[in-house]
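Here the structure is laid out as structure tokens; the discussion comes afterwards.
Just so it is clear, none of the values below were taken in a lab; they were calculated from the coordinates. Because the structure is a prediction, the values reported are computed rather than measured. So basically every Cβ, Gly included, is an ideal-geometry build from the backbone, and we count neighbours across all protein chains shown.
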Amino acid sequence: MNSQIEEIQKNILFYETAKKQLETYINTINNEFEVLEDYNPINHIKTRIKTAESIIDKLKRKKLPISKDSVEKLNDIVGARIIVDFIENIYELREKIKQNKNIIIINEKDYIKNPKESGYRGYHIIVSIPISIGGIIKNINCEIQIRTTAMDFWATNEHKLNYKSGNHTKKYESKWKEAAIKVWDLDTAMNELYLEEKKKHKKEDNLELSVLKLHSLDKLGKLKKLGENYG
Ligand code: 0O2
């Protein structure tokens, strides 16, 4: 077991560097929202590198041999979790990620429209980041998970008490599913309020724009008149 962990740790520099790169990309997107948009939906961001023990657990769960090759097949050794306010924000953030030319998207999984059997919801994007160290380039796949605060509330609690316990009974599975439905109801109700507010703001912005246009037309008219007087 120790030599397997050592082997994984040799690659840690690639993963550490990919994590820093991923953090830079996500912070840029956060700044874009902060500076260029009226509203920043990002509540908080967490990044992590999977521990060697957790990597081995995952390989066992996936029934893969514990080897360097299998480890390299995992897409989530480097991961970022971005928590946003409303469901709509998840798709707004996905668009921003797609617009960022530094980010190469490999795969997307919409566990919001298609939740997992457990009730888990979230949007997962696998991105590839080329990392060059010691003359070797490796494309490191990283997983970005986007969740609302409500989805995260369910997932972190379920992760602690159920997901990894290996102690799943039908009774508890259905209780977690019921809880996931309640969380989803709350999320959709909040999302409707967000969408209404967004529509209202758009109308107000359009109105403001028309007033501004009228104002400039008025100014233009006055300037023209001045010009005629001088002419
Ligand atoms: P941890 O400890 O959170 O890192 P793939 O080969 O990509 O198809 P994979 O990697 O299993 O298979 O991808 P999947 O299922 O799309 O996403 C896995 C990750 O999503 C998990 O990572 C969890 O973080 C989260 N997740 C998926 N299902 C559940 C669930 O039922 N409950 C909770 N709480 N989280 C879930 P890890 O590595 O399994 O665990």
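Some observations on this one:
- The peptide list 141-148, 109-116, put in order of mean Cβ contacts within 10 Å with the highest first, becomes 141-148, 109-116.
- Under-5 Å amide H pairs with residue 148, H placed in peptide plane, nonlocal only: 84
- Residue separation of residue 23 and residue 66 scaled by 0.36 nm, minus their Cα-Cα distance, works out to 12.6 nm of gained length.
- Lysines with Cα under 18 Å of residue 113, excluding same-chain neighbours fewer than 8 positions away: 177, 182
- Karplus (6.51, -1.76, 1.60) ³J(HN,Hα), θ = phi - 60°, over the stretch 65-70, in Hz, Gly and Pro reported as x: x, 7, 8, 4, 4, 5
- Chain lengthening between residue 208 and residue 108 when straightened (0.36 nm per residue, less Cα-Cα): 32.2 nm
- Entries of 19/101; 73/164; 109/200 with Cα pairs more than 26 Å apart: 109/200
- A Förster radius of 30 Å combined with the Cβ-Cβ distance from residue 136 to residue 91 puts the calculated FRET efficiency at roughly 0.25.
- By average C-beta atoms within 10 angstrom, highest first, the peptides 195-208, 95-108: 95-108, 195-208
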